[in-house]
1. Considering only the range 24-48, state which residues are of a type in the set (A, V, I, L, M, F, W, C), in contact with a strand residue (DSSP E or B) (Cβ under 8 Å, 6 or more places away or on another chain) and over 19 Å from ILE3 (Cβ atoms).
2. Determine, yes or no, whether ALA48 is among the aliphatic types (A, V, I, L, M) and either in a helix (DSSP H, G or I) or more than 26 Å from ARG158 (Cα to Cα) (or both).
3. PHE51 is checked against (1) in contact with a strand residue (DSSP E or B) (Cβ under 7 Å, 6 or more places away or on another chain); (2) farther than 27 Å from SER126 by Cβ; (3) crowded, with 18+ Cβ neighbours inside 10 Å and fails just one. What number does that condition carry?
4. Mind listing whichever residues of the range 124-154 are hydrophobic (A, V, I, L, M, F, W, C) and either surrounded by 19 or more Cβ atoms within 10 Å (Cβ to Cβ) or closer than 22 Å to GLU9 by Cβ (or both)?
5. So if I check each of PHE160, PHE83, which one is surrounded by 15 or more Cβ atoms within 10 Å (Cβ to Cβ) and either within 24 Å of GLU20 (Cα to Cα) or in contact (Cβ under 8 Å) with a residue 40 or more places away in the chain (or both)?
6. For the range 99-125, which residues satisfy the criterion of being in a loop (DSSP other than H, G, I, E, B) and touching a strand residue (DSSP E or B) at 6+ places or on another chain (Cβ under 6 Å)?
7. In the range 1-18, what count of residues is obtained for those that are over 17 Å from LEU113 (Cα atoms) and open to solvent by 50 Å² or more (accessible area, probe 1.4 Å)?
8. If GLY147 meets every condition in (1) touching a strand residue (DSSP E or B) at 6+ places or on another chain (Cβ under 8 Å); (2) outside any loop (DSSP other than H, G, I, E, B) apart from one, which number is that one?
Amino acid sequence: MKIESVATERLLLQPLTVAEAERVIAREAGAGDLWGEGYPGDGDVRSATGFLRGVAERGDPGVFRPYAIRIAESGVTVGGIGFHGPPDEIGVVTVGYGLVPAARGNGYASEALRALLEIARRAGVSGAKGDADLDNPASHRVMEAAGMPCVAEDEQLRHFYRGF
């Protein structure tokens, strides 16, 4: 299944294919891959691993997959964003993201998350959720800036949600 890339003002969200996910897991760029320093990170490898497991178990997830975050101007991959899987039984998806250190602080994560939430909305989900460690205020700001307010907090995490 061919999933289209999504362009924002400064970024391109490139859907991962099985072959790209395999390269991310191996941490070996292929011909034409432009990876920023520090990409892929551990979170990217976990995401690609989960994606491949899901493909093996359930088939292609359509839009509910990981995406590489690329700087539109240069094509350099600076992180990843995506869904932890298909919507749950009530139509809610879980999102996650991460950027290489050099790309942080530029608003890229919030910009990418807004685009990902639009993908989810257009796909007909009822909502999107995410969480972040209590000691990660930068991630809290990302979700809030993308329109996902904090809805709960426990001993370890702040939980964010946006309904559609």
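1. ALA29, LEU34, TRP35
2. Yes.
3. (2)
4. First, the residues of the range 124-154 that are hydrophobic (A, V, I, L, M, F, W, C): 125, 128, 132, 134, 138, 142-143, 145-146, 148, 150-152.
Passing the criteria: VAL125, ALA128, ALA132, ALA138, VAL142, MET143, ALA145, ALA146, MET148.
5. Numbers: PHE160 fails: either within 24 Å of GLU20 (Cα to Cα) or in contact (Cβ under 8 Å) with a residue 40 or more places away in the chain (or both).
Within the list PHE160, PHE83, the selection yields PHE83.
6. VAL100, VAL125 - these are the residues of the range 99-125 that are in a loop (DSSP other than H, G, I, E, B) and touching a strand residue (DSSP E or B) at 6+ places or on another chain (Cβ under 6 Å).
7. First pass over the range 1-18, keeping only residues over 17 Å from LEU113 (Cα atoms): 1-3, 17-18.
Then drop every residue that is not open to solvent by 50 Å² or more (accessible area, probe 1.4 Å), which leaves 1-2, 17-18.
Residues that pass the stated criteria total 4.
8. (2)
The values are calculated or read from the model by the stated rules, or taken from the named source; none is laboratory data. On a predicted model such as this, the values are computed, not experimentally measured, just so you know. Glycine gets a Cβ as well: all are built from the backbone with ideal geometry, and neighbour counts include every protein chain shown. Heads up: the accessible areas ignore ligands, DNA and RNA and are worked out on the full protein's heavy atoms, side chains in. Shrake-Rupley method; radii C 1.70, N 1.55, O 1.52, S 1.80 Å.
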